[in-house]
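Visitor: Pasting a structure here, questions to come.
The values are calculated or read from the model by the stated rules, or taken from the named source; none is laboratory data. Values in this document were obtained by computation on a predicted structure and should not be read as measured data. All Cβ positions, glycine included, derive from the backbone under ideal geometry; neighbour counts span all protein chains shown. These area figures cover heavy atoms from the full protein model, side chains too; ligands, DNA and RNA do not enter into them. Shrake-Rupley method; radii C 1.70, N 1.55, O 1.52, S 1.80 Å.
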Amino acid sequence: MNALLEQLQMQGTENDALQQDKSKKWLNITPGTGKFLALLVDEIQPTRILEIGTSMGYSTLWLARAGGNSVQVVTIERDEAKHQQAQQHFRQAGMDNRIDAKLGDASDWITRLEGQFELIFLDADRSQYLSLAPRLFQLLKPQGMLVVDNALSHADDVAPFKRWLEQQPELDVGVLPIGKGELVVYLHDEFR
């Protein structure tokens, strides 16, 4: 598994350096962010994780591996080619039974999801975050956490969402200087 993660990280870096079309970039999280997510999963011990923005499945594998056999990761990707490639990586890692990969737009899928998640990882189209927010917090279990990637590298894009989060009394919000910046949100009680 370590070898696969290293391979995906290296391939993603090489691809993104050569690729001019943003939609064809892998845009992997950093290895430091992967280790942070793994640490968080180890601490929280979730049974269900929601990821929005699968790409090639690099971050998904970090989440699934850290959760062990007791976790299910639901991940949503709108690009069909990336979705197919990610599923191949999940099979290669032997984790396809723990990862429920959905193809389509997150705004459609999150209205159909049932139950709640202890951890949500958000790494997708930042212009959608505000519109997704109310439903995301209905899906997040009380005392659960939301982690948003690129909070420092794309601070201006994340800023409207961060301001909205900071206005919600049920939430504690902070930014950690890990990877490209991780916005971490803790939900105290049931979201109103």
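Visitor: On the accessible surface of the chain, probed at 1.4 Å, how many percent belong to carbon and sulfur atoms?
Guide: 47
Visitor: Turning to a different aspect of this structure: Arranged from highest to lowest average of other beta-carbon atoms within 10 Å per residue, in what order do the peptides 119-125, 74-80, 98-104, 175-181 appear?
Guide: Highest to lowest by the protection proxy: 119-125, 74-80, 98-104, 175-181.
Visitor: Something else: Pulled fully out, how much extra length does the chain show between Q138 and T47, if you take 0.36 nm times their separation in residues and subtract their Cα-Cα distance?
Guide: That pair, Q138 and T47, stretches by 31.1 nm at full extension.
Visitor: DSSP beta bridges in the chain, what fraction antiparallel, as a percent rounded to 5?
Guide: 35
Visitor: While we're on this one: How much accessible area does M10 have with a 1.4 Å probe, in Å² rounded to the nearest 10?
Guide: That residue has around 100 Å² of solvent-accessible surface.
Visitor: For the chain, what is the accessible area per residue in Å² when the probe is 1.4 Å?
Guide: The answer is 48 Å² per residue.
Visitor: Using 0.36 nm times the number of residues separating D16 and S131, minus their current alpha carbon distance, what extension gain do you get?
Guide: Gain in length upon complete extension: 38.6 nm.
Visitor: Between D189 and K25, what is the label-to-label distance in nm when each label sits 7 Å out along the Cα-to-Cβ direction?
Guide: The modelled label-to-label distance comes out at 4.2 nm.
Visitor: If the limit is 22 Å between Cα atoms, which of K25/K180; K25/K141; K141/K180; K24/K141 go over it?
Guide: Over 22 Å Cα-Cα: K25/K141; K141/K180; K24/K141.
Visitor: Nearest 500 deg cm²/dmol is fine: what mean residue ellipticity at 222 nm does the chain get from its DSSP H runs of n ≥ 4 alone, each adding -39,500 (n - 2.57), divided by its residue count?
Guide: -14000 deg cm²/dmol
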